[in-house]
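The values are calculated or read from the model by the stated rules, or taken from the named source; none is laboratory data. Keep in mind it's a predicted model, so treat the numbers as computed, not measured. Using ideal geometry, Cβ is built from the backbone for each residue, glycine included, and neighbour counts are taken over all protein chains shown.
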Amino acid sequence: MTNNISVDVRSARKVYDATSGTVVALDSVSVQIRKGEFFTLLGPSGCGKTTLLRLIAGFESPTAGEILLNGTDISGKPPFERPVNTVFQSYALFPHLTVRQNISFGLEMLGRPKDEVARKTDEVLELVKMTAMADRKPQQLSGGQQQRVALARALAPEPEVLLLDEPLSALDLKLRKEMQHELKRLQLETGITFIFVTHDQEEALTMSDRVAVMRDGRILQVGNPRDIYTRPVDRFVADFIGETNFLSATIDGKKVRLATGDTVAASGVEAHSEGAAVTLAIRPEQVRVDDKGGLAATVAETVYFGTDTHLHLTLGDGSELVARLQSPPSGEIGLSPGAKVSVSFTEGAVQVLEH
Amino acid sequence: MAQTAEQKKAREGWLLSLPALTLLILAASGPLIIIAIYAFLTAGEYSGVIWDLSFKAWFQVLFEKDIFDGTVSLADAHLTIFWRSVRLSLLTTLLTFTFGLPTAWFIATRPLKQRALWLFLITIPFWTNLLVRTFAIMEVLRVEGILNKILTGLHIIPEPLQILYTDTAVLIGMTYVYLPLMVLPLFAAIDRFDFRLIEAGYDLYAGRLTVLRRVILPIIRPGIVAGSILVFVPSLGAYVTPRVLGGGKKMMIGNFIELQFGAGRNWPLGSALALILLLIVGIALIFYVRASASENKDG
């Protein structure tokens, strides 16, 4: 079991001394990252995701806990003794070196023979499709090209683990989408373990094998994108990943009772005692609007998004609910503000969370 | 159309700088022309020049004729002075760099608010006259001076060191005087340096010294070159420091030139020496322009 674990973070804690007392950047985080997986650390800024990445890279040492790579404790090793490479958010390409020299830097430092350095560099240049730019300086490249060079430079020494610190955040939307595919392709082709840091939940969902959602220096949930999206462990995760409706309710037998007095089926009821106050999470796309006798609701607003139309609804008790409906060919959903509708939820769509 | 009018205006604008240009041309090239002419004239008996074309001064730069038998030999004393000047200037540049790099690094890595204070402290020595500061160094270095008192008092050395009136004293003095000229351009270069590149270097298996050699130094090279020129050029022509700390015995080119216009009563030789000094400085500047030009081309 342990031999397919690449990075094993054990109760890693990182405390910084600031003028206003100590800041806990990482609060006893434990996580196991498997070999060859695309693992994403997702969270808002200041959640500790970059700190965790820097601990693995070796730029910072943990205040407590340890970090194992392939079963060996590397906590005390400097970054230049760890078979781990980083793609920096700012790319951090060497401005005085050409693209080729940037890429061969790591191989040279490892003392590889000259012909091997040249061969590997050419290979990686080919891999990121930058062969034509090999003799340019980083400043002569566009953002997307610099990104590819940064990737190539980190991949060239064939690290055990590749760390990516929000590498796509500086790119425009179209280029970002392109690079997402590119990254995924590179990861599959090289088989290297990727640890990817992002605050973009969509990026995390589309690219990752597994995602760890972080907040305030802790990991809240680890799982594959589907698990995280469909079964968030708490309100923060549900809210951070995608859009979610939250409704207050109480446990009533095997169902939950809403403030409107209606009862609906929900998953996760068993974990709570009868009468307990809970929060329900329902994804907007799982809300159905029809006239088949569900919850009574009034349309407050319709917002057209092209493929979807968002319907802002008000329930009987005044609580709000958003439904995401596929836009019809005409684009007109045929409901105007004030219309009375009835609302129901797709089977299994209602999640019970702690209040 | 508007652009042409603007261009015309810009072309005519240089006329406004005419007074300044005139002053610069007269003040800079005037003395230079005089020196260039004097170098090819005959020395007057007591001072000044006689208006006779002569290459004797240039001959005297390197050779001397024995007054008794008229044999020509290399002017060892002159060569010693040249060699001392170049050697001490190079050593001064090296020492200011050795002390200046950590200093500039320290300042550049302070929080933004503290940096101004540190830079201000670096410039404080400029507030006092160079001569006064040089005499202060003399006070530190002399046999009964502070340095020797401390060293003998702590029994680090049994006898006071004779540092004053040696090359070492001149070197110490010049390093002290020109250190800020090295620190400031180095600071400017390090200030622009992206410190994340150090992490990138470590990440790519370069140790600390390798990162210094392969990443930091090449990137701050313009600052190193600028600082070296700013230190080397005035060191080469230094006058006050070698005069006071070298005690008139350990002359550098500057003192030697002064000697020709004073007690030596050989203005043409002084002029020729001054032109040679100018030539050496010119070569150093060409090296600087080349170095910064190739940097721009690379960048």
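The residue of the stretch B:35-61 that is surrounded by the fewest Cβ atoms within 10 Å (Cβ to Cβ), among those that are of a type in the set (A, V, I, L, M) and under 21 Å from B:Ala263 (Cβ atoms), is B:Ile50.
Evaluating B:Arg87 against the criteria (1) among the basic types (Lys, Arg); (2) touching a strand residue (DSSP E or B) at 6+ places or on another chain (Cβ under 9 Å); (3) surrounded by fewer than 16 Cβ atoms within 10 Å (Cβ to Cβ) leaves one unmet condition, (2).
Looking only at residues in the stretch A:132-143 that are in contact (Cβ under 8 Å) with a residue 24 or more places away in the chain and more than 14 Å from chain B (Cβ to nearest Cβ), the one that is nearest to the chain's Cα centre (by Cα) is A:Gly143. Name the residue that is farthest from the other protein chains (Cβ to nearest Cβ), counting only residues in the stretch A:61-78 that are closer than 23 Å to A:Asp27 by Cβ and assigned to a loop (DSSP other than H, G, I, E, B). Among them, the one singled out is A:Thr63. Determine, yes or no, whether A:Ala18 is over 19 Å from A:Val87 (Cβ atoms) and in contact (Cβ under 8 Å) with a residue 40 or more places away in the chain. Against the criterion (over 19 Å from A:Val87 (Cβ atoms) and in contact (Cβ under 8 Å) with a residue 40 or more places away in the chain), A:Ala18 does not qualify. Filtered by the rule that a residue be part of a helix (DSSP H, G or I), in contact (Cβ under 8 Å) with a residue 24 or more places away in the chain and facing chain B (nearest Cβ under 7 Å), the stretch A:79-124 gives A:Phe80, A:Phe105, A:Gly106, A:Met109.
Within the stretch A:317-332, being surrounded by 10 or more Cβ atoms within 10 Å (Cβ to Cβ) and over 33 Å from the mean Cα position of the chain (by Cα) holds for A:Asp317, A:Glu332. Of the helices (runs of 4 or more DSSP H) entirely within the stretch B:40-127, those holding at least 2 residues that are closer than 26 Å to B:Leu171 by Cβ and touching a Gly at 6+ places or on another chain (Cβ under 9 Å) occupy B:76-108. Assessment of the stretch A:194-215 against the conditions (free of Cβ contacts under 8 Å to residues at least 12 places away in the same chain, closer than 29 Å to A:Leu26 by Cα, away from chain B (no Cβ under 14 Å) and under 15 Å from the mean Cα position of the chain (by Cα)) yields at least one matching residue.
Restrict the check to the stretch B:261-276 and report whether at least one residue is away from chain A (no Cβ under 13 Å) and farther than 23 Å from B:Val49 by Cβ. For the stretch B:261-276, residues away from chain A (no Cβ under 13 Å) and farther than 23 Å from B:Val49 by Cβ: absent. All of (1) at pLDDT 90 or above; (2) of a type in the set (A, V, I, L, M); (3) under 26 Å from A:Val233 (Cα atoms); (4) surrounded by fewer than 17 Cβ atoms within 10 Å (Cβ to Cβ) hold for A:Ala300 with one exception: (3).
Restricting A:Leu315, A:Leu280 to those that are modelled with pLDDT under 95 and within 25 Å of A:Glu202 (Cβ to Cβ) reduces the list to A:Leu280.
Do we find that A:Gly58 is more than 11 Å from chain B (Cβ to nearest Cβ), under 25 Å from the mean Cα position of the chain (by Cα), of a type in the set (Gly, Ala, Ser) and crowded, with 17+ Cβ neighbours inside 10 Å in this structure? Here the answer is no, as A:Gly58 does not meet what is asked. Exactly one residue out of B:Leu209, B:Leu154 is within 12 Å of chain A (Cβ to nearest Cβ), farther than 30 Å from B:Ala116 by Cβ and loosely packed, with under 13 Cβ neighbours inside 10 Å, and it is B:Leu209.
Picking from residues in the stretch A:214-232 that are of a type in the set (S, T, N, Q) and not in a helix (DSSP H, G or I), the one that is farthest from A:Phe196 (Cα to Cα) is A:Gln221.
Evaluate the following for A:Lys129: is it more than 13 Å from every other protein chain (Cβ to nearest Cβ), on the phi > 0 side of the Ramachandran plot and free of Cβ contacts under 8 Å to residues at least 40 places away in the same chain? It would help to see each step written out before you state the result.
Working: more than 13 Å from every other protein chain (Cβ to nearest Cβ): yes; on the phi > 0 side of the Ramachandran plot: yes; free of Cβ contacts under 8 Å to residues at least 40 places away in the same chain: yes.
Taking the combined requirement at face value, the residue satisfies it.
Selection within the stretch B:250-288: residues that are without any contact (Cβ under 8 Å) to a residue 24 or more places away in the chain and in a loop (DSSP other than H, G, I, E, B). The member of this set that is surrounded by the most Cβ atoms within 10 Å (Cβ to Cβ) is B:Gly264.
Could you list all residues from the stretch A:69-120 that are among the hydroxyl-bearing types (Ser, Thr, Tyr), surrounded by fewer than 20 Cβ atoms within 10 Å (Cβ to Cβ) and farther than 30 Å from B:Ala291 by Cβ? Give the derivation first.
Start the filter on the stretch A:69-120 by keeping residues that are among the hydroxyl-bearing types (Ser, Thr, Tyr), which leaves A:72, A:75, A:86, A:90-91, A:98, A:104.
Of the ones still in play, those that are also surrounded by fewer than 20 Cβ atoms within 10 Å (Cβ to Cβ) are A:72, A:75, A:90, A:98.
Those that are among the hydroxyl-bearing types (Ser, Thr, Tyr), surrounded by fewer than 20 Cβ atoms within 10 Å (Cβ to Cβ) and farther than 30 Å from B:Ala291 by Cβ: A:Thr72, A:Ser75.
On inspection, A:Gly348 passes the criterion of being farther than 18 Å from A:Thr260 by Cα, in contact with a Ser or Thr (Cβ under 7 Å, 6 or more places away or on another chain) and assigned to a loop (DSSP other than H, G, I, E, B). Could you tell me whether the stretch A:10-28 includes any residue that is more than 26 Å from A:Leu205 (Cβ to Cβ) and in contact with a helix residue (DSSP H, G or I) (Cβ under 7 Å, 6 or more places away or on another chain)? The answer is yes, given that some residue of the stretch A:10-28 is more than 26 Å from A:Leu205 (Cβ to Cβ) and in contact with a helix residue (DSSP H, G or I) (Cβ under 7 Å, 6 or more places away or on another chain).
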